[in-house]
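Report on one structure; see the data block that follows.
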Amino acid sequence: ARRAARGLNIATTTAVGMYVYWILMGTVAWISHLGERAPWLRFALPAEGYPGNAPSSAGALGFVARNVPLSLIFVVPHSVFLPSRLRKIFGKHGRLMYNFVSAATLHFFLLNFTPLKTPVVMTIPFNTNFHNALSIGCLAYASYAFLSSPATLGLLGVSSALELRDSKYSNPAAGMDAITWMGVTTWRLGGASAFVLFTGLSIIPRELTLGDCITRCVAAVYLRQRSRSFREWVEKIEGVHLLTWILRGTLLSFACHGALQGGGNVRTVGWILFGAASLAGILRLAESESPNAKKKPISRAASFDVAEAAPAALDDVARVNRPERWHAWNPHARMT
């Protein structure tokens, strides 16, 4: 009976972990409308990989009125039923249950989301096939980086559910979120260039609509306000993070120039640029940590500091002695 229970635990934990992983990667594809651009991938992606429901017929107000209550189905349990609380009910499966509930409610949101197709804010100014290849390649690379890190099992709650005692399988940091960890693992495996391509360019849809901008703005503010790990990570890689904004701004400038060359309305282009600048300002403000904010202490059980997730500078690597150099450059090394 004990062997059967252990087998059932392994099978269930593996299935739930893979479902959470599928939703995480599928959400990235959904954000970039990958299923719409590459229909042959729809069968493998949650919600077919793009907002495919009938668009809102009541404009931006109808879009907000329809999707805000829907988003609360995800936001409330994700913010209230934290792993520490669920651990009191489900024991060693507490974090796994938290991730399962978050993934299931996010899946429900993707399936029922009402898009806003007009107006189109920006059209990516480079070749369609190149854009598709970039999105697919970056998503595949980020998926591999995320899954190949042993600490991902701790983040997903798999290691605690299976009672994996090795410290390399522990949660990477107290309060670490999956989106930040995805960026961290991509950086650690592929460096700054992989991080910039993945987060800065590959997740932008072919046609960026007002609805996409509103959705991204709300999600980005929520992430920045809720996740201290994200704010600390961004502070650690400030220069490269700013580079991603510069690249996005360059794309938007080229798109606006192309629209004007094609007879576009100058006032409309002006409002688009104003909105983009306002969005950048809001997100930069949300990324800043209040000088009076008190940081929560991190337990020894999750002692991997977020700052160590950032890459070592060349000077840092040069200062370590020879036996430690490989450890410093190893993409998934747990620095102590």
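With contacts taken as Cα pairs under 8 Å and at least 6 residues apart, the stretch 21-81 reaches a relative contact order of 25 percent. If you take all other residues with their beta carbon under 14 Å from the beta carbon of Val218, and give Lys and Arg +1 and Asp and Glu -1, the sum is +3. Summing charges over all other residues whose Cβ lies under 11 Å from the Cβ of Glu207, with Lys and Arg as +1 and Asp and Glu as -1, gives +1.
Using a 1.4 angstrom probe, figure out how much accessible area the stretch 124-203 has per residue, in square angstrom, rounded to the nearest whole.
Ligands and nucleic acids excluded, the figure is 36 Å² per residue.
Of the heavy-atom accessible surface of the stretch 32-188 (probe 1.4 angstrom), what whole percent is carbon and sulfur? Mind dumping the intermediate values first?
Working: 4810 of 7200 Å².
Carbon and sulfur atoms account for 67 percent of the accessible area of the stretch 32-188.
Cα centroids of the stretch 121-156 and the stretch 1-79: 16 Å apart.
The values are calculated or read from the model by the stated rules, or taken from the named source; none is laboratory data. None of the values given here were measured: they were computed from a predicted structure. As a convention, Cβ positions derive from the backbone with ideal geometry for all residues, glycine included, and neighbour counts pool all protein chains shown. We work out accessible area using only protein heavy atoms, side chains counted, and drop any ligands, DNA or RNA first. Shrake-Rupley method; radii C 1.70, N 1.55, O 1.52, S 1.80 Å.
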